[in-house]
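The values are calculated or read from the model by the stated rules, or taken from the named source; none is laboratory data. Since this is a predicted model, take the numbers as computed values, not measurements. Note: ideal-geometry Cβ built from the backbone for every residue, glycine included; neighbour counts use all protein chains shown. Only protein heavy atoms, including side chains, enter the accessible area calculation; ligands, DNA and RNA are left aside. Shrake-Rupley method; radii C 1.70, N 1.55, O 1.52, S 1.80 Å.
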Amino acid sequence: MPDVITVRVQTDSDSFQEVVVKIERPTYKKPFLGGFRNISTGVEFHNAGSQTKPKKRPDKGIQLFCRETQTVVERNKRQQTRNTASTQMTKIGLYVSNMTDKLISPGKYFTAEEYHKRRLEAVIVIQKYFRRWYAINLVQNLKEQKRLRLAQEAQEELWKKREKEEKLRREYERKLNPKTKEDFELLYHDLELWMQEETERINRTLTGAERKTALCALLDEETQLIACIGMHKLDANVENQQKAILQLLELYKLFLKCAQPRRWKAFDGKITEMDTQNTLRGKELLEIYRSISTKDIPKDERTSVLLTLKCTVKEHECKLTQEIVALIDREVDLMSREVKECNLEGLRKRICTLFLQYIKIPEVNPEVAGLLKVPQDPLKLYKNIYFCHSCENYLPSTEFLIPANSRTIGRCRSCYQLDNEARRREAYLKYRLILENVRKSEVDYQDDSKIVFLVQLPDLQYLIENIWNCQSALSACSDLYDLVMVRWDKQHEWSPWNTILLTKEEADAHLKLCNLQKAYEAPFIFGIKQKHIRAKNYFAQIPVMSSFLHRSNNQANANSYKKR
């Protein structure tokens, strides 16, 4: 019902008047006042109450309080339960057996104090046995924890020992069969250490002509060792070149962009493969190269392989194709004359090399275009190309090792390596591993760290050798293979002025700390701060680092202002 209704009221016989009636809603539930029901129709009628508001009492200006009381009606009633019992005694004419009767005699009487004393003694006995049981379980748990801890420590020690032995074995294997630049760096570094030790021994024990003779003999030994290392380097270069060739060709099978077919998963989970023209071309060239590289095959098969190669290269006419065809004809002619295979080895290697150059042509093998380091567009060669004043070659920017504090391009990596082998003979493998670990850990933080990727290998070497003295800040461990650089304050990104050199176990414990001021003593923190100041003074000379240095100083000042 609406709040306002209009009612049409008849005033006279012919006139009507509309009256506006305002509906007042009741603020309380109306009581049920009874009613009746029509028996014939079954309709119920309820008595209605008045809709007018009750008359308010006049306000007397005095606050009144009312109190209602409720009288409780109590009634007492006595009850007595019925318990009927009877006793039969022996009498004349009746015998009752007493075999099941019990003779009850009164026990010793004890007072309430004695009763509570007995309860207390029983409680003490129960507590004694419970504490014994609890202590036995506690000691057993502690023993089990100690056993597990000792077993874990023994396992960790064994794992460390095996890891160290494996590391020494790998290092010995790398020195025995060097293949990479890092392996030869280790060899030259060991040679330099051996030369220093022998020179010091000769200068300490010999004098005069004997000393000069010993130094000359030492120089001859050094020359022989350098020549031996050079022979190993030549063998490694040949092997690495073969690996590079095979690796380039294996890309056609390993990667989707080359010889491997395109794959996708259907709705039912099955893998669908599709070979494109480029991948099929890559597979074909790969099989031809493997065929011509195979040794000790019959002449008929070799001739068939050469004819297949000749038909393949004739599809793309160029100067290289003509040279390959001429070499193929020469080998077929020499084989027809019964020339020994050992005399044909150089010719076959030349054919393989020229065919490899043929495979690198994008017009012949379209998939190789994305694998070449040198872009095919000649205009791209003019970008990011610099001149090395040492070897006088034009090289891309990736071939130059530029420290963070350098203002010029300097020498290329090959010249740096040659100078290191000839003079200083330092091994950068340990510093390279530390730098890789730092960058990997900073990537795991996912807080957009940038400084660690600006620091180069010479900068990290200076930081470790001159500032941290190549030893752990806590245990003074000097084995660089076991040392890592982590954040000093893990809330801020890594930087040379927010780092600490620790062992791997110490670094894990350090990163778990929440408050450095409580974990370390004041003299130790003061020493770390001094090292950070030295690092700031060194890296402040680098223009790229200056912006990060100013930002860290402003942040440190803001933190100190908040603490105050």
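For the range 473-517, which positions are closer than 13 Å to I434 by Cα and part of a loop (DSSP other than H, G, I, E, B)?
D479
Among (1) over 21 Å from L463 (Cβ atoms); (2) modelled with pLDDT of 90 or more, where does K563 come up short?
(2)
Here are some conditions: (1) open to solvent by 10 Å² or more (accessible area, probe 1.4 Å); (2) closer than 14 Å to I500 by Cβ; (3) outside any loop (DSSP other than H, G, I, E, B); (4) not hydroxyl-bearing (S, T, Y). V438 meets all but one. Which one does it not meet?
(1)
Please verify whether the range 119-142 includes one or more residues that are in a loop (DSSP other than H, G, I, E, B), open to solvent by 100 Å² or more (accessible area, probe 1.4 Å) and over 30 Å from T27 (Cα atoms).
No.
Yes or no: V305 surrounded by 12 or more Cβ atoms within 10 Å (Cβ to Cβ), under 52 Å from the mean Cα position of the chain (by Cα) and more than 22 Å from N278 (Cβ to Cβ)? Can you show your working first?
Details: surrounded by 12 or more Cβ atoms within 10 Å (Cβ to Cβ): yes; under 52 Å from the mean Cα position of the chain (by Cα): yes; more than 22 Å from N278 (Cβ to Cβ): yes.
In short, yes.
Taking the range 164-182 as the region of interest, how many residues are modelled with pLDDT under 85 and of a type in the set (D, E)?
Qualifying residue count, the range 164-182: 2.
Only residues that are open to solvent by 80 Å² or more (accessible area, probe 1.4 Å) and either within 30 Å of the chain's Cα centre (by Cα) or at pLDDT below 90 (or both): list them for the range 146-159, please.
Within the range 146-159, the first condition is being open to solvent by 80 Å² or more (accessible area, probe 1.4 Å), and the residues that meet it are 146-150, 152, 155-157, 159.
Matches in the range 146-159: L148, R149, L150, Q152, Q155, E156, E157, W159.
When the residues of the range 441-491 are narrowed to those that are more than 28 Å from K518 (Cα to Cα) and either of a type in the set (F, W, Y) or not assigned by the TED database to the domain that holds K536 (or both), which ends up surrounded by the fewest Cβ atoms within 10 Å (Cβ to Cβ)?
Here the answer is F453.
This table checks each residue for (1) of a type outside the set (G, A, S); (2) within 23 Å of R348 (Cβ to Cβ); (3) open to solvent by 80 Å² or more (accessible area, probe 1.4 Å).
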site	(1), (2), (3)
K265	yes, no, yes
N278	yes, no, no
I297	yes, yes, no
K310	yes, yes, no
L320	yes, yes, no
I324	yes, yes, no
I328	yes, yes, no
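Take K212 and decide whether it is open to solvent by 80 Å² or more (accessible area, probe 1.4 Å), under 32 Å from the mean Cα position of the chain (by Cα) and either more than 30 Å from L457 (Cβ to Cβ) or assigned by the TED database to the domain that holds Y481 (or both).
Details: open to solvent by 80 Å² or more (accessible area, probe 1.4 Å): yes; under 32 Å from the mean Cα position of the chain (by Cα): no; either more than 30 Å from L457 (Cβ to Cβ) or assigned by the TED database to the domain that holds Y481 (or both): yes.
The answer is no for K212.
For the range 364-388, how many residues meet the condition of being modelled with pLDDT of 80 or more and not hydrophobic (A, V, I, L, M, F, W, C)?
The number of residues fulfilling the criteria is 1.
How many residues are open to solvent by less than 40 Å² (accessible area, probe 1.4 Å) and either polar (S, T, N, Q) or part of a helix (DSSP H, G or I) (or both) when one looks only at the range 412-435?
Matching residues across the range 412-435 total 8.
State the number of residues belonging to the range 400-448 that are β-branched (V, I, T) and modelled with pLDDT of 80 or more.
Going residue by residue through the range 400-448, those that are β-branched (V, I, T) are 402, 408-409, 434, 438, 443.
Within this subset, residues satisfying the condition of being modelled with pLDDT of 80 or more are 434, 438, 443.
Of the residues in the range 400-448, 3 are β-branched (V, I, T) and modelled with pLDDT of 80 or more.
Examine the range 92-100 for a residue that is in contact with a Ser or Thr (Cβ under 7 Å, 6 or more places away or on another chain), assigned to a loop (DSSP other than H, G, I, E, B) and without any contact (Cβ under 8 Å) to a residue 40 or more places away in the chain, and state whether such a residue exists. Reasoning before the result, please.
Filtering the range 92-100 for residues in contact with a Ser or Thr (Cβ under 7 Å, 6 or more places away or on another chain) gives 96.
Adding the requirement that they be assigned to a loop (DSSP other than H, G, I, E, B) leaves 96.
Next cut, without any contact (Cβ under 8 Å) to a residue 40 or more places away in the chain only: 96.
So far as the range 92-100 goes, yes, one or more of its residues are in contact with a Ser or Thr (Cβ under 7 Å, 6 or more places away or on another chain), assigned to a loop (DSSP other than H, G, I, E, B) and without any contact (Cβ under 8 Å) to a residue 40 or more places away in the chain.
Listed residues R201, R162; which is more than 32 Å from the chain's Cα centre (by Cα), part of a helix (DSSP H, G or I) and over 13 Å from I229 (Cα atoms)? Before you say what the answer is, go through the steps one by one.
Numbers: R162 fails: more than 32 Å from the chain's Cα centre (by Cα).
On inspection, the qualifying residue turns out to be R201.
Which members of the range 1-46 meet the condition of being open to solvent by 80 Å² or more (accessible area, probe 1.4 Å), touching a strand residue (DSSP E or B) at 6+ places or on another chain (Cβ under 8 Å) and not hydrophobic (A, V, I, L, M, F, W, C)?
Result: D3, T6, R8, Q10, Q17, E18, K22, R37, E44, H46.
For the range 489-502, how many residues are at pLDDT 90 or above and either touching a Cys at 6+ places or on another chain (Cβ under 7 Å) or not β-branched (V, I, T) (or both)?
Residues flagged as at pLDDT 90 or above and either touching a Cys at 6+ places or on another chain (Cβ under 7 Å) or not β-branched (V, I, T) (or both) within the range 489-502 amount to 2.
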